[in-house]
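Chemist: Before we start, here is the structure in question, set down as structure tokens.
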Amino acid sequence: MRSKNKPRKRRRKENTAVIFLFALVIITLVSLVIALPAFKISEVEITGTRLLNPESIKKIASVPIGDNLFLTSFGKAKDRIKKIPAVKEVKFRRMIPDRVRIEVIERVESAVSVIGEQSVLIDSDGVIINPQTKEAEPIEIPDISNLPVLIGLRREWFDEKGKLSGKFGESAAKLLVEFKNYMSPKRLEIDLSDVNSIVLFVDDTLKVKIGSVDKIDGKINVFETIFKRLKDQKNDIEYIDVRVPDFPAVKFK
């Protein structure tokens, strides 16, 4: 039995050595190919920008031209770009043999508001796209004539990242998303000046009384149910009152 086991152990050792040597050769060849001058970064291209200047993105990314395409890490560059408020997401792609593509996904403006003396654009997540911060980059102001208007927003409703948060901030964002989708392409104005008496205006004619932010989901659902039934008569409606969602009211002109 001993004489039979020895050849088997010897063959296992030989097989292991062959596999190790083969792997070492493959790794060496791959390393040599990667290190070829042809894979040195020579160009950076930016895609997906509409509000932001592509050259500004390049400058912030600071991708090292001349470095190896495969050995260069883009983690820190990605973090720097993601700090720009107008950027929602960013991806770096290695384009063989020598290009880097930075794919920027910008935030899309969903509403306009005035906070203090600044006119701001807000996206559907409740994030200010153009805040006055050191991380912010100048943006190309889009057409805002048909955007919903948020009146009465307060700075304290935003967190340190410029996003609506807390009880009132999250409710404001929810009202924006729900009514913007429901009323599109109607003109929408949300007045939050009095947090206990929130009012919406649709096309400057239809008034919706929301009241406080309490039970906001229920109020939105009740309004949608009523509006579906009366949408053909909407021009005859003076207001829809959902301040008490269990007992809504509709007043006709």
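Bear in mind that the values in this text are calculations on the coordinates, not laboratory data. Not measured: the values here are computed from a predicted model. Positions of Cβ are backbone-derived with ideal geometry, glycine not excepted, and every protein chain shown enters the neighbour counts.
Chemist: Quick check on the exposure proxy: order 114, 195 from fewest to most C-beta atoms within 10 angstrom.
Modeler: 114, 195
Chemist: What does the C-alpha gyration tensor say about the overall shape of segment 189-253? Classify as rounded when a/c is under 1.5, otherwise prolate if a/b is larger than b/c, or oblate.
Modeler: Judged from the Cα gyration tensor, segment 189-253 comes out oblate (a/c at least 1.5, b/c at or above a/b).
Chemist: So between residue 76 and residue 99, what do we pick up on full extension, going 0.36 nm a residue minus the alpha carbon distance?
Modeler: 6.5 nm
Chemist: How much FRET efficiency would the formula 1/(1 + (r/R0)^6) give for residue 205 and residue 83, where r is the Cβ-Cβ distance and R0 is 45 Å, rounded to 0.05?
Modeler: 0.60
Chemist: Using a simple charge model, +1 on the beta-carbon of Lys and Arg, -1 on the beta-carbon of Asp and Glu, nothing else, what dipole does segment 37-106 show about its Cα centre, in debye to the nearest 20?
Modeler: Taking the Cα centre of segment 37-106 as origin, the dipole is about 200 debye.
Chemist: Please arrange 39, 252 by how many other C-beta atoms lie within 10 Å of their C-beta, fewest to most.
Modeler: Exposure proxy ranking, most exposed first: 252, 39.
Chemist: List every residue whose amide H lies under 5 Å from the amide H of residue 127, counting only residues 5 or more places away in sequence or on a different chain, with H placed 1.01 Å from N in the peptide plane.
Modeler: Sorted by chain and number, the residues that satisfy this are 164.
Chemist: Using Cα pairs under 8 angstrom and six or more residues apart, how large is the relative contact order of segment 142-202, in percent?
Modeler: Over segment 142-202, the number comes to 38 percent.
Chemist: From largest to smallest, what semi-axes in whole angstrom does segment 23-163 give when each is the square root of 5 times an eigenvalue of its alpha carbon gyration tensor?
Modeler: Equivalent ellipsoid semi-axes, largest first: 40, 14, 11 Å.
Chemist: Each residue of segment 112-128 in turn: what ³J(HN,Hα) in whole Hz from Karplus with 6.51, -1.76, 1.60 and θ = phi - 60°, glycine and Pro shown as x?
Modeler: Using θ = phi - 60°, the values come out as 10, 8, 10, 10, x, 10, 10, 8, 10, 9, 10, 8, 5, 8, x, 9, 6 Hz.
Chemist: While we're looking at this one, here's another question. Roughly how many nanometres apart are two label points built 7 Å out from the Cα toward the Cβ at residue 195 and residue 38?
Modeler: The answer from the label model is 6.3 nm.
Chemist: Give me the percent relative contact order of segment 198-241, please, defined on Cα pairs under 8 angstrom at least 6 residues apart.
Modeler: 46 percent
Chemist: Can you give the extra length, in nm with one decimal, that the chain gains between residue 62 and residue 125 once fully stretched, where that is 0.36 nm per residue apart less the Cα-Cα distance?
Modeler: Taking 0.36 nm per residue and subtracting the Cα distance, the gain is 19.8 nm.
Chemist: Using amide H atoms built in the peptide plane, which far-off residues or other-chain residues are under 5 Å from residue 106 H to H?
Modeler: 88
Chemist: Can I ask one more? Which order results if 72, 47 are arranged by neighbouring Cβ count within 10 Å, fewest first?
Modeler: With the sparsest Cβ surroundings first, the list reads 47, 72.
Chemist: Within segment 139-182, list the residues whose amide N lies under 20 Å from a label point set 7 Å along Cα→Cβ of residue 214.
Modeler: So the set is 166-175.
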